[in-house]
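Report on the following structure.
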Amino acid sequence: MGWLDEVEAALGAQPVRRLEGVAPKQRAAVLVPLFVQHHALWVLFIRRASGLAHHPGALAFPGGSAQVGDEDEVATALREAEEELGLDPQRVLLLGQLSDVPTSSGFVISPVVGAVPWPLPLRVEAGEVAEVVPMPLSALANPTAVERRQEGRRGSGTITVLHFGPRRIAGATAAILLELLDRLSAAGVPRGGEEPFA
């Protein structure tokens, strides 16, 4: 069984949690792009541009708010990835989804996991994306530090911050990453595999 089948099976092994009663204007989706490089499984992040209203400069997955005309969260994730990275939706092989994650800015994110060929020519939208950041899952599974931080009014919420040398992944992005790693680990998916694309 190749890595594409293994990841798809791992994501489908448990149902995802969907939050009910979320207003359409609060819905958002992200694409979690996976690829194989040097026989290891990698994931592609973006660093958000410093001028954005929400989470400027943060490491995140490509994505954004649902818009009128988006059929579902998959359509939102693919549209946003195309807008931010120039990623052709036809080049994304959908592998599954992860559970909804509420954010401190009032959105509910539905993560969509897809495989992409690599290297991939990208056309970055500079107003939204400051940097494209590929990282190996093997490193992400072993952060140099894990921090639990109280945030919100009077410390009403706790967020997880994962440190990887000078990089840090926090909030909803950390929650999405941890669920992905948990599902892959539970299914015994190795962090490598054969090259999936010719």
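Suppose R0 equals 35 Å. What FRET efficiency, 1/(1 + (r/R0)^6) with r the Cβ-Cβ distance, do residue 71 and residue 141 give to the nearest 0.05?
With R0 = 35 Å, the Cβ-Cβ based efficiency is 0.55.
Between residue 20 and residue 93, how many nm apart are label points set 7 Å from Cα along the C-beta direction?
Each label point lies 7 Å from its Cα, and together they span 3.6 nm.
Mean separation of Cα pairs under 8 Å and 6+ residues apart, divided by the residue count of the chain: what relative contact order is that in percent?
29 percent
Per DSSP H run of at least 4 residues, take -39500 (n - 2.57); add these up for the chain, divide by its residues and hand me the 222 nm value, nearest 500 deg cm²/dmol.
-6500 deg cm²/dmol
With a length cut of 15 Å (Cα positions projected on each helix's long axis) and a Kyte-Doolittle mean of at least -1.0, go through the chain and give me the DSSP H helices that pass.
TM-like helix candidates: 73-85, 171-186.
Need the full-extension length gain, residue 133 to residue 37, defined as separation in residues times 0.36 nm minus the C-alpha distance. One decimal, nm.
Between residue 133 and residue 37, full extension yields an extra 33.2 nm.
5 Å is the cut-off here: which amide hydrogens, built 1.01 Å from N in the peptide plane, fall below it relative to residue 124, excluding neighbours closer than 5 in sequence?
Placed amide hydrogens put nothing under 5 Å from residue 124.
The list (i) 16.0, 53; (ii) 17.7, 57; (iii) 15.9, 48 gives values of Rg and Dmax of the Cα atoms in Å, and only one came from this structure; which label was calculated from it?
(i)
Please find the FRET efficiency linking residue 55 to residue 5, where r is the Cβ-Cβ separation and R0 is fixed at 45 Å, and quote it to the nearest 0.05.
In this case the efficiency is close to 0.85.
Every read-out reported here was derived from the displayed coordinates using simple, explicitly stated rules and does not represent laboratory data. Keep in mind that this is a model prediction, so the values were computed, not measured. Cβ coordinates were reconstructed from backbone atoms using ideal geometry, including for glycine residues, and neighbour counts include every protein chain displayed.
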